[in-house]
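Everything on this sheet refers to the single structure shown next.
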Amino acid sequence: MGTRVESDEDGDNKGSMWELDQKLDQPMDEEAGRLRNMYKEKKFSALLILRLAYQSLGVVYGDLGTSPLYVFYNTFPKGVKDEDEVLGALSLIIYSLTLVPLLKYVFVVLRANDNGQGGTFALYSLLCRHAKINTIPNQHRTDEELTTYSRSTFHERSFAAKTKRWLEERESWKSAILILVLAGTCMVIGDGILTPAISVLSAVGGIKVNQPNMNSSVVVLVAVVILVGFFSLQHYGTDRVSWLFAPIVLLWFLLIGGIGIFNIWKHGSRVLKAFSPVYIYHYFKRGGKKGWTSLGGIMLSITGTEALFADLAHFPVSAVQLAFTLVVFPCLLLAYSGQAAYLMNNMTHSQDSFYRSIPESIYWPVFVVATAAAIVASQATITATFSIVKQALAHGCFPRVKVVYTSKKFAGQIYIPDINWILMILCIAVTAGFENQNQIGNAYGTAVVIVMLVTTFLMILIMILVWRCHWILVLAFTCLSLIVEFSYFFSVIFKVDQGGWVPLVIAGAFLVIMYVWHYGTLKRYEFEMHSKVSMAWILGLGPSLGLVRVPGIGLVYTELASGVPPIFSHFITNLPAIHSVVVFVCVKYLPVYTVPEEERFLVKRIGPKNYHIFRCVARYGYKDLHKKDDEFEKKLFDNLSTFVKLESMMEGCSDSDEYSLYGQETELLPRAGLLNNNGSTFSSNVEFTINSIDSIVQVRSPPPHVSNNTVRSSGQVSSQTEIDEVEFLNNCRDAGVVHILGNTVVIARRDSNFFKKLAVDYIYAFLRKICRENSVIFNVPHESLLNVGQIFSV
C-alpha cells in the first residue's frame, strides 16, 4: 500500500498542512482506474445471474407481488356495472405495469444506481458528485480522488455543463432539490407505515371470506397481533430467515399465476381483449369523473415499484431485470387477468375477488402463503425505510438515531430502533383507525405516486448531468413519465378526504423534522466556518500555546474539515492546560456509498512541528457506519504515525507554505521503505516534485538534545527530531487520550424572524435534546470524555 503526502492551504488558515491519503502500491492513475472499475457491475456467469435473480424475488419484489390482494377492491369499492368496466380497468393495469415498473424502473431507473445502491438519496449523491449542489460545503478536492468517487466529465459548452453551472449559481435551486429529495424520503417512510397495514390486513381478510359471519373487528385484531409480532422481531434482523423469503415469494408468484390461468380457462378468454388499449379510451369515456378517480385504485397495481429501486443494494441490475421479465411481470399479468375473468361473471364480488377466485381445494394453503408473502412484502419495505433513513443521517438530514447492524455478512442489513417503534405505532393506528381497507388504499396510493414523481424529476437531472443524454431522449422520458404519473396524482387528489390525507400529514411532519435538522446543522456549520481561529493567533501563542502542555493526547472533535474550530480557542482561554499533542478529528460523510478502508483517513499537520497539532479527517460513505469501526482510535494513531514517518523523509523540503517567501505549492509523492498497517512494504526510493515560483525558505529544526518525554515547567514540550516524534506520540498515547467534544447550544439571533426563531429555538433545540449525543455516535468512552459548552447565535 502506498501513501501520498502533500502540502495544501486550509481555508482561511494560511499555514499549510501535510496530508496523508493512503493509496495502493501501483501507479496512481492506473490503479485508480482499476479500482473504479471494481465498483462497477461485474460480469457474472449465466448460472450465477439466475441464482441471484431467484434470490432477488424475496428481497425486491414482495411488495409488488402482493398488490393483487387489494387492487380490484380499491378500484371498484361499490361493485362492477358491466364487463366493459372490468376490461377497461384490466387494460389500465396491464399498461401501467408495462410503462412504470417494466420500462421506466427496470430498464431505466435501475441503471441510475450509485454503485449498486438505490433510492432517493442514492440519486441525490450521484447529482452531488457531478454538480456542487450539496448545501453543506465540507468537501475537499482530495475527496474527488477516492476510488469510489466516480463521475463523468463533459465539455464546457455542452448542455450538461451549462445545466451544472446554472444549478451551482442558484442557491434557491439547491434548496429546492434538497426539499424534493426530503419529500421523496418522507413518502418512503410513509410507505413503510402503509405497506404492512394494507398487505397484512388484505391477507388476513381471507378469513372472513371463508367465514362470512366473522366480525370485521376480529380480522383487524388478528392483523394488529401479526404487526406487533412483526415489528417486535425486527431487532433480530432478516439474516436468519432471509433464506425463506425467495421460496415464499416464488411460490406466491407461481400460485397467483396458476390461479390466473385457471380462472381464464374457467370463466372465458374474452378477458384477453383488455390487451387492446382501446378499452382504456372507452373506460374513461363512459366512466367520466368516476373512472378518473378509480385510477387511485388501479395505481395500487404498481405499488412496490419504488421499493424495487430502494432495495437494489445486494443484487446486480441484470439479475433484478431478469427476475421481473421472466417471473414477476408474466405472473402479475396472469393474476390480474384471472381476477378480471372471474369478476366479469361475478360482478358483485369486487371487494374480495382474489380469495373468491381461488379454487376451494387449495383455499387455505393459498391463504397461508398469502399471509407469509404479505409479511415478506412488509419486511422489504421496512428494510428500505431503514436504509433511506441511514442515508439521510449521512447527509445531515435526520436527527442522530441509533443504527444497529443485524448481520455480520451483509453490511446493508441494519435496524433502527427508534424508527421501528414509530413505524409500529403509526402502522397499528392506521390499521385499527380506518373504517375499511379502501381508505388505507387511498392513503397508500398518494404516498406511492409522490415518490414516483420525485424519482422522475431527479432522473431528469441524472440523464442530463450523469448520462449526458440527448435532449430528445430526456424530453421523451420526461413527457411519458409525467403524463402517466400526473394522471395518477390528480386522481388521488380527489381522495384526499377519503384517507389520502394520512401520508400527507405523516410526510409533512417528517419533512419539517428533517428540513429543520438540516437547516440547524447548516447554520451551525456556517457559524463555525466564520468563527474559525486564525493561524496567526495560534502562532502568536508559541509552541506552548501560552499554557501548560501536559502529557497525553487530546482528540478535539469538530465538523470542520479545514481551519481551527472555535471550540479550541474557547477551551484554551478557559483552561490553563492543554495536552502535549492535539488532534482535530473530523468525521464527515461524502456523497459516495462507501469509502474504502485504506482511503478513509486524511492526516495533516497544523503549524510548526514543535506545536504537535494535527488534523485527522475520517471519511465515510452513506452506507458506512462509524460506530461499527471498533478500532477507530487505533487506526487513527496508526495513520498519524505513518504520516510522521513519511514527513521525516522530506526534511529537505519546506515544512509549510507559510515559511516560504511566495506561498508556492509543494507536492511530494513519496515511496519510502516503511511498513503500512497491513505489514506490506513501500518501495525504497523517494520521488518528489516541487513546483515553485521562487526559492524555498527552509525552517531550522530545534536541536534534538532534549528527551521526548520531558515537559518543561513552562508547559512547552521540548522539540524532537522527526525520527523521534513517533516515539513521542506513543508516549503521549500511553499517558492517556482525552476526547474533547463541543456541547453547543444553537439559538437564533434577536433580529431573526418568527419562523427562524420557531425552527431554531424550539424545533431544532427539541430535536437536539431528544436525539443521541455525539459521544454515543462516536463511541467515545465516558471516562475519557470532556464536553466544552458553547453558544452559537445563528
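The values are calculated or read from the model by the stated rules, or taken from the named source; none is laboratory data. Just so it is clear, the model here is predicted, and its values are computed rather than measured. Ideal geometry is used to build each Cβ from the backbone, glycine not excepted, and the neighbour counts take in all protein chains shown. For accessibility, only protein heavy atoms count, side chains too; no ligands or nucleic acids. Shrake-Rupley method; radii C 1.70, N 1.55, O 1.52, S 1.80 Å.
At a glance:
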{"quantity": "Rounded accessible area per residue of segment 538-602, 1.4 Å, Å²", "calculated": "24"}
{"quantity": "Segment residue 214-residue 278, length gained on full extension (0.36 nm per residue, minus Cα span)", "calculated": "18.9 nm"}
{"quantity": "Approximate spin-label separation residue 527-residue 83, in nm, with each point projected 7 Å along Cα-to-Cβ", "calculated": "7.2"}
{"quantity": "Segment 537-600, accessible surface, carbon-and-sulfur percent (1.4 angstrom probe)", "calculated": "62"}
{"quantity": "1.4 Å probe accessible area per residue over segment 53-157, in Å²", "calculated": "30"}
{"quantity": "Å² per residue, accessible surface of segment 227-281 at 1.4 Å", "calculated": "54"}
{"quantity": "Mean Cβ count within 10 Å, highest first, over the residues of peptides 276-284, 59-67, 501-509", "calculated": "59-67, 501-509, 276-284"}
{"quantity": "Pairs of alpha carbons in segment 265-372 whose separation is greater than 23 Å (percent)", "calculated": "43"}
{"quantity": "Where trypsin sites (Lys or Arg not before Pro) fall in DSSP loop in segment 51-105, at most 15 other Cβ within 10 Å", "calculated": "78, 81"}
{"quantity": "Segment 425-487 - percent of accessible surface contributed by carbon and sulfur, probe 1.4 Å", "calculated": "74"}
{"quantity": "Segment 329-431: chymotrypsin sites (Phe, Trp or Tyr not before Pro) in DSSP coil with no more than 16 other Cβ atoms inside 10 Å", "calculated": "410"}
